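Structure first, commentary second.
The values are calculated or read from the model by the stated rules, or taken from the named source; none is laboratory data. As the structure is a prediction and not an experimental result, all values here were calculated from the model. FYI the Cβ positions are ideal-geometry reconstructions off the backbone, even for glycines, and counts take in every protein chain you see. These area figures cover heavy atoms from the full protein model, side chains too; ligands, DNA and RNA do not enter into them. Shrake-Rupley method; radii C 1.70, N 1.55, O 1.52, S 1.80 Å.
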There are 2 protein chains.
Amino acid sequence: MDLKAQLDTAAADRELFDLLRIPSVSSDSTRKADMARTAEFLRAKLDSLGFTARVEATPGHPVVYAERLQASGQPTVLIYGHYDVQPEAPLEEWVTPPFEPTVRDGRVYARGATDDKGQAYAHVKGVELLLAQGELPVNVKFLLEGEEEIGSPSLEGYLREKAEQLKCDVIVISDGSRFAPDVPTVTYGLRGIAYVEVHVQGANRDLHSGAYGGAAPNPINALATIIARLKDDQGRITIPGFYDGVQELTEQERQMWAALPHSDQEFAESIGVSALPGEAGYSTLERLWARPTLDVNGIWGGFQGEGSKTVIAAKAGAKISMRLVPGQDPARITRLIQEYIPQIAPEGVTAEVIDLHGGQPVAMDLDSPYIAAADRALQKVFGKPAAFARTGGSIPIVAAFREILDAPVLLVDMGLNEDAPHSPNESFALEDYHRGILTSAYLLQELAK
Amino acid sequence: MDLKAQLDTAAADRELFDLLRIPSVSSDSTRKADMARTAEFLRAKLDSLGFTARVEATPGHPVVYAERLQASGQPTVLIYGHYDVQPEAPLEEWVTPPFEPTVRDGRVYARGATDDKGQAYAHVKGVELLLAQGELPVNVKFLLEGEEEIGSPSLEGYLREKAEQLKCDVIVISDGSRFAPDVPTVTYGLRGIAYVEVHVQGANRDLHSGAYGGAAPNPINALATIIARLKDDQGRITIPGFYDGVQELTEQERQMWAALPHSDQEFAESIGVSALPGEAGYSTLERLWARPTLDVNGIWGGFQGEGSKTVIAAKAGAKISMRLVPGQDPARITRLIQEYIPQIAPEGVTAEVIDLHGGQPVAMDLDSPYIAAADRALQKVFGKPAAFARTGGSIPIVAAFREILDAPVLLVDMGLNEDAPHSPNESFALEDYHRGILTSAYLLQELAK
């Protein structure tokens, strides 16, 4: 029977709204009971669908784990989502209260609507839709955590401890945005990151710029020189060995991305700039998704107050992060910049580079049968082929899944940037929610052998 | 009669200690009465020496003005000093209380001992020494202000208002340090300054460095590039026209300074650095005293907290000052950098340069008869010729004197760096105080025709 015709959207909406009413703000210690209530809501729902479902303790907020393994000989699909939400502040900017879901113009407005209760619950409802027709075509496990918005501090430990229980063939995550409203999207790559802090030391104390200027080394000028030397005039990063092993874009990818609805001018206008500088020889999307970067995220030194102070500071510092692409290893890149910066530091200062954190880049093989399955599922829902995009950001949990569970991760984003996750008036188009439910159901069918 | 033999050092010390006991901290509004008491102390003393002396009101702390114009046909010498002192904090670092003058190892320890009560009062005692022998050989005016340590906010207005009363042939200031303990010093040049603030704007809001890194302009990287481009690899400033008109060092100056007791190694060690980078082709003293500089005094942008934040900041800024030498005009230099920085700003950002303040460089002609008079006076006291030095700093009041009173300024420094002005345990060697009194008396004699 046609899944679309089977979907009771009124019931699906009602249940989601009930879930959205619980203020499961993971960063708010006064809402621990709400967190527990949300976990129990999901456990009970999955239990009612015939899943073995339980709330599992972690050092932080609990995980909802559920499994239904009745499809003998079929792949096992692990669906990840999170039931915690961002804080609602600033409350005064919300048109309607963040925990009273309200529908306007076909969108439900509530904290967590798109991130990630709406997208996670779409999978629950997708499973329910399939079960209404009989047994699930694949084995399904749910892992719904309660700490994503505070950096998933317990997740890695949980994955390691429960690795056997969580064993699967593929992991499905829906916790992001499609490329554009009319573009069903499979995200098959994420950039990694290497994040360091640079400390430059000049004299042993702040000096008077009149008495010492012209002879004393200036650590701020030196830091600026170091930063400027990290890129050449083509926008390429000068750290020796930095590009070693970088996976080049295939001709297929370049053509695919060139065909996406993207306008450099609109992109520049959307952030209010006159140009989009970057590495020569690559388009904007290529630079955002498939090329490594180096950005200074913060800088400080000397006098920052109002007016003027004639000081040569003793020290200056900066935070520098590099987005990495498949083929690059964060630990190696960190080591390279740690070796390079002292070499390019101007005379008279010392420079030290401290490792703050790193995350592996991720890319799924475009020829993977999972990608093809997602493509077919999305075509059934949207009536057009999916776009295969990457994203410039890093999702640390994806790297953790890949490493610990050793399974590919399929990112099937149901939301849109205009849903405003993390902002006041977060929303989720009910049409996208319903399409998400269908996508989930079709995807599980397509993943069956 | 021999002036040295005439000097009653015990009385001179006792009077100075009385002056040092009054806590005339100009920045401390609770000490207004102490400020008035100090002014009255000096007025009464000068009155007792037969000067027409008065305390003159300003919008801030009062000026002590005194004159004795009995040397008909002789030059008029205006002696400037200041009776206010720096705050005493941090009090716990003082070995003995800052306003209880205490002698240890031939030094009097007290706030203001060298800066500037000791040096200013040496001139009062120098005049007294001469008067004990008869009439003064020149006409003498005293201008002792009470706001030097807070930037002399009332001085310029006072000078303009009283320009007629203050008319003179030469201005003598003793408010600094000699080049070295055994080196009597005449300081004949000061650098000027042009101080600006640079604002660099990228996008219209902070951006996520994952989602935008590689395409969005980064104002911190751009600011670093701008700063790096302001100097070439020879340490020369690249602003077009910057060096136009710069007075080159004479061969006499280069030789004179090369003969001064200076060690690059000791200088570098004193500030804890391994090298003294700067403009190629000039010695350290030449770079400090006679060459313009460009130093970043402060920089800021993006995330400065602990840990990491993956942000591309919307804006970044820096404070940049340039020390100027004779031949350069602060207003012109400011205009040049205001034109240049937007030209060298990388694509995608806008850069704006705001004028914060400027000060004229000053140099006295080495052939001036006033310089020669100071040299002869110092020879009588120290038994050796004076060194002719410049200083790297800027003394805004000197430029104001030159401009408004249109008279040359003679800087006869009596102190030493080791006196620690502005620091806890400020002191003044009593020998230097006594030499200062004699220097003042001999100088007035030498300035007579």
Expected field for residue B:309, accessible surface area in Å² at 1.4 Å probe radius, rounded to 10, holds 100
Going 7 Å from Cα along the Cα-Cβ axis for the label, what nanometre distances separate residue B:259 from the same residue across the other copies? 8.4
Only helices counted: for the protein assembly as shown, with every DSSP H run of 4 or more residues adding -39500 (n - 2.57) and the sum spread over all residues, [θ] at 222 nm is -9500 deg cm²/dmol
Given unit charges at Cβ for Lys, Arg (+) and Asp, Glu (-), the dipole magnitude of chain A about its Cα centre in debye, nearest 20, is 420
Please check: in the Gaussian network model of chain B (C-alpha springs, under 10 Å), which one of B:105, B:116, B:206 has the largest mean-square fluctuation. B:105
Can you list the residues in segment B:332-363 whose accessible area drops by at least 10 Å² when all protein chains are present, compared with the chain alone? Use a 1.4 Å probe, heavy atoms only. B:347, B:348, B:356, B:357
Per residue, what accessible area does segment B:329-449 have, given a 1.4 Å probe and all protein chains present, in Å²? 40
Using the 7 Å Cα-to-Cβ label point, sort the distances from residue B:156 to its equivalents in the other copies shortest first and give them in nm to one decimal. 5.9
Treating the beta-carbon of each Lys and Arg as +1 and of each Asp and Glu as -1, no other charges, what is the dipole magnitude of segment A:247-352 about its Cα centre, to the nearest 20 debye? 420
Which number do you get for Rg(Cα) / (2.2 N^0.38 Å) in segment B:387-449? 1.35
Label point 7 Å beyond Cα along the C-beta direction, distances from residue A:338 to other copies (nm, shortest first): 4.7
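Consider all pairwise Cα distances in segment A:249-394 and report the whole-number % of them above 21 Å.
Counting every Cα pair in segment A:249-394, those more than 21 Å apart make up 62 percent.
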Equivalent ellipsoid semi-axes, segment A:1-100, via Cα gyration tensor eigenvalues times 5, rooted, Å: 28, 20, 11
Top of B:417, B:425, B:221 by mean-square fluctuation, Gaussian network on chain B, Cα under 10 Å: B:221
In whole Hz, the Karplus estimates of ³J(HN,Hα) for segment A:159-170 (6.51, -1.76, 1.60; θ = phi - 60°; x where Gly or Pro) are 4, 5, 5, 9, 3, 5, 4, 8, 3, 7, 9, 8
How big is the gap, in Å, between the Cα center of segment B:38-106 and the Cα center of segment B:210-246? 47
Nearest 5 is fine: what % of DSSP beta bridges in chain B come out antiparallel, could you say? 70
Antiparallel DSSP bridges in the protein assembly as shown: what percent, to the nearest 5? 70
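Using only the alpha carbon atoms of chain B, find the Kirkwood hydrodynamic radius as the inverse mean reciprocal pair distance, in angstroms to one decimal.
Values: mean 1/r = 0.0417 Å⁻¹.
Its Kirkwood hydrodynamic radius stands at 24.0 Å.
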Would you mind telling me the share, in percent, of accessible area of segment A:36-179 contributed by carbon and sulfur at probe 1.4 angstrom? 48
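Give me the percent of Cα-Cα pairs in segment B:342-408 that sit more than 13 Å apart, rounded to a whole number. Please report the intermediate quantities before stating the final value.
Numbers: 1677 of 2211 pairs.
Counting every Cα pair in segment B:342-408, those more than 13 Å apart make up 76 percent.
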Taking springs between alpha-carbon atoms closer than 10 angstrom, which of B:92, B:431, B:100 fluctuates most in the Gaussian network model of chain B? B:92
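Just how large is the dipole of the protein assembly as shown about the Cα centre, in debye to the nearest 20, putting +1 at every Lys and Arg Cβ and -1 at every Asp and Glu Cβ?
Working: 82 positive and 126 negative charges, 37 e Å.
Using only the charged Cβ atoms, the result is roughly 180 debye.
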Fraction of accessible area attributable to carbon and sulfur, segment A:295-397 (%, probe 1.4 Å): 50
At the level of C-alpha centres, the distance separating segment A:385-449 and segment A:186-208, in angstrom, is 31
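Nearest 5 percent is fine: what portion of the DSSP beta bridges confined to segment B:1-158 is antiparallel?
Antiparallel bridges make up about 60 percent of those DSSP assigns within segment B:1-158.
Can you order the peptides A:191-204, B:129-142 by their average number of other Cβ atoms within 10 Å per residue, highest first? The partial results should precede the final answer.
Working: A:191-204: 23.3, B:129-142: 19.3.
With the highest mean Cβ count within 10 Å placed first, the list reads A:191-204, B:129-142.
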A/B buried area, accessible surface, summed, 1.4 Å probe, Å²: 5000
Name the residue from B:272, B:382, B:317 whose Cα lies farthest towards the positive end of the charge dipole of segment B:229-388, charges +1 on Cβ of Lys and Arg and -1 on Cβ of Asp and Glu. B:317
